[in-house]
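For reference, the structure discussed in these notes is given below.
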Protein chains: 2
Amino acid sequence: MKRITIVLLIVILFSTAAMAGRDVLPSWAEGPTKTAIIQFVQDVTKEGGPDYVRPEERIATFDNDGTLWVEYPMYTQVLFAFDRVKELAPQHPEWKTKQPFKALLEGDMKTVGASGMKGLMDILIETHSGMTAAEFEKTVTNWLATHKQSRFKRLYTECVYKPQLELLTYLRANGFKTFIVSGGGIQFMRAMTEKTYGIEPEQVVGSSVVSEFQIKDGEPVLVRMPKIDFVNDKAGKPVGIYEHIGRRPILAFGNSDSDMQMIEYTTAGEGRRLGLFVHHTDADREYAYDWDSHVGTLDKALDRADTNGWIIVDMKKDWKTVFSFEKSNK
Amino acid sequence: MKRITIVLLIVILFSTAAMAGRDVLPSWAEGPTKTAIIQFVQDVTKEGGPDYVRPEERIATFDNDGTLWVEYPMYTQVLFAFDRVKELAPQHPEWKTKQPFKALLEGDMKTVGASGMKGLMDILIETHSGMTAAEFEKTVTNWLATHKQSRFKRLYTECVYKPQLELLTYLRANGFKTFIVSGGGIQFMRAMTEKTYGIEPEQVVGSSVVSEFQIKDGEPVLVRMPKIDFVNDKAGKPVGIYEHIGRRPILAFGNSDSDMQMIEYTTAGEGRRLGLFVHHTDADREYAYDWDSHVGTLDKALDRADTNGWIIVDMKKDWKTVFSFEKSNK
């Protein structure tokens, strides 16, 4: 028994020592951004300190597209929807004459683009409804397991930012609860968030279609209906947070103007708060885009960052490594 | 150091021994119901066993009114709404002539009752909107801190069932995540669930009004609008579970036909599942009501329990103690 206790104690002491000396965010370059993040976490977790926040209230919310995984040149979920239109076309003869489905099937992306948000929503609704919850989950899982990002030739779930995975782990190790709060479909994301980010389904907040409880062939199922329920984007993000989480985050991380209200709401709370935006500045390793981009537009938030104390994370400077599959660090 | 390790080990051994010998559900009477609950928990937590469920998927959902706290003779939230009408009347001169507000202000409960679900919803909507999220939370917290249940002369948050508090603790100690899934207002409940049940806001699912993100006096706030967003009752419960939790529960506990779809959905899943209903059979210690009750009607679910393997918890027989404030056990 004596030997066991000594071994146990050595393990405990060694782990603690290893933790203390270890770089908790190895893919983040040394500099003011990394320092600010670590300082924030140390301050809010320091018991008895002026900025202490109890673990229950350590809510951190992350946007998904462009914040945790690649969104360029097009949101993954939109590419999924486009593929679904092609796969489902035989069952929808009406699409041969109905826009923007006709254009999409003919590969006329200019006309698809010209159909605007209305056209895109029609495509999203039609491809995300008319099946049970279980069927939809299976379709998304299969698609994600077999389709690759156009530039990196890797699964989309591999095109996730290594510094952010480290940050999620670091926050959770410090008692934070990490949530995704994204304009993306809540059930689309849930197919990948647990394995990819360690974020469980109940900590994912997103957009949704209306669902109905039905008895189908004697089995109780949830059926996805062709009607938008909630759009968890822009001013919808604080609403999604209020409904799903019920507490104001103390840290929020986004990358575009669509995240501005979430970060505004977060940083306006009392006590220490941290708001961050990924600025995509690295065309070599990922992409460079901001104010005039067709996805992930970062414009107003960039202008207002200084005044509001929001941190702009410069991908090129602040991230030593972008992806786990990169051969070596810069 | 040696002494510290030995002390540490003794503490560990002692705690384990104490756990093993302890009655984990002391307010539950010995019998088939208690045995079934404990057997279920042991089976799904036994690593390598045929019924093992990993902790992430150990989702347990509880109805609130009549399942965790007293709902008789009237739902607490409805009493709150009635009180609010009286308090807010000076700011709403139109209520003097508008039903069912007029009747309520005149104490004519028969007319209020005759206004039916439509009238009740009007009262709920008017008293639950038109303020910020923070203002609403404060109002509910204050009301709960100052109003008492009619029979027991105790705060509503004291009129919670001791056996259920023990069950929540027991489930969490076994790696379960405990959720409330109630027809009650999500934000109304969040004002009391953490302190009363140890259930944090993000694990509360309920009905809601539409909320809007606004900038008010330069501050970003959420404003509650006079419009129903979602009714988390009956067939709405599995939908609420799908949206908020994203996983089918393995255990669900209710007390009325309003919980039937939730329990049907839960127990229809693969693997071991447990569905339970509190049957209010104890007029001496609490109340006795079921199929013809105006609140918490338990009728169809009672008929279908046997066929579906649902457990009917007989309050009189299965609960040794109902409330913590009871002087002694039966």
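Restricting attention to the stretch B:50-62, does a residue exist that is among the small types (Gly, Ala, Ser), more than 14 Å from chain A (Cβ to nearest Cβ) and either assigned to a loop (DSSP other than H, G, I, E, B) or surrounded by 14 or more Cβ atoms within 10 Å (Cβ to Cβ) (or both)? Checked the stretch B:50-62: no residue is among the small types (Gly, Ala, Ser), more than 14 Å from chain A (Cβ to nearest Cβ) and either assigned to a loop (DSSP other than H, G, I, E, B) or surrounded by 14 or more Cβ atoms within 10 Å (Cβ to Cβ) (or both). Of the helices (runs of 4 or more DSSP H) entirely within the stretch A:89-145, those holding at least 3 residues that are under 18 Å from A:Ser208 (Cβ atoms) and not small (Gly, Ala, Ser) occupy A:116-127. Among the residues making up the stretch B:257-266, those that are more than 9 Å from chain A (Cβ to nearest Cβ) and open to solvent by 10 Å² or more (accessible area, probe 1.4 Å) are B:Asp257, B:Ser258, B:Met260.
Does at least one position in the stretch B:307-321 carry a residue that is of a type in the set (Asp, Glu) and touching a Pro at 6+ places or on another chain (Cβ under 8 Å)? Yes: one or more hits. Would you pick out the residues in the stretch A:273-330 that are among the hydroxyl-bearing types (Ser, Thr, Tyr), closer than 27 Å to A:Gly116 by Cβ and open to solvent by 20 Å² or more (accessible area, probe 1.4 Å)? Residues satisfying the conditions are A:Tyr287, A:Thr297.
A:Lys177 fulfils the conditions (1) surrounded by fewer than 24 Cβ atoms within 10 Å (Cβ to Cβ); (2) more than 10 Å from chain B (Cβ to nearest Cβ); (3) not aliphatic (A, V, I, L, M) except for a single criterion, (2).
Against the numbered list (1) open to solvent by 30 Å² or more (accessible area, probe 1.4 Å); (2) within 30 Å of B:Lys216 (Cα to Cα); (3) touching a residue at least 12 places away in the same chain (Cβ under 8 Å), A:Gly206 comes up short only at (1).
Checked against (1) of a type outside the set (Gly, Ala, Ser); (2) closer than 14 Å to B:Gly66 by Cβ; (3) touching a Leu at 6+ places or on another chain (Cβ under 6 Å), B:His294 passes all but condition (3).
Scanning the stretch A:224-238 for residues that are open to solvent by 10 Å² or more (accessible area, probe 1.4 Å), at the interface with chain B (Cβ under 10 Å from one of its Cβ atoms) and not small (Gly, Ala, Ser) returns A:Arg224, A:Asp229, A:Phe230, A:Lys234.
Of the numbered criteria (1) within 9 Å of chain B (Cβ to nearest Cβ); (2) on the phi > 0 side of the Ramachandran plot, the one A:Gly198 fails is (1).
The listed residues are B:Gly296, B:Gly271, and the only one of them that is touching a residue at least 24 places away in the same chain (Cβ under 8 Å), farther than 26 Å from B:Thr76 by Cβ and more than 12 Å from chain A (Cβ to nearest Cβ) turns out to be B:Gly271.
One residue alone among A:Ala81, A:Ala89 is within 27 Å of the chain's Cα centre (by Cα), surrounded by 13 or more Cβ atoms within 10 Å (Cβ to Cβ), small (Gly, Ala, Ser) and modelled with pLDDT of 95 or more, and that residue is A:Ala81. Of the numbered criteria (1) closer than 22 Å to A:Arg248 by Cβ; (2) more than 9 Å from every other protein chain (Cβ to nearest Cβ); (3) touching a Leu at 6+ places or on another chain (Cβ under 8 Å), the one B:Gln214 fails is (2).
The values are calculated or read from the model by the stated rules, or taken from the named source; none is laboratory data. Fair warning: this is a prediction, and the values are worked out from it, not measured in the lab. Note that we place each Cβ from the backbone using ideal geometry, even for glycine, and neighbour counts take in every protein chain shown. Only protein heavy atoms, including side chains, enter the accessible area calculation; ligands, DNA and RNA are left aside. Shrake-Rupley method; radii C 1.70, N 1.55, O 1.52, S 1.80 Å.
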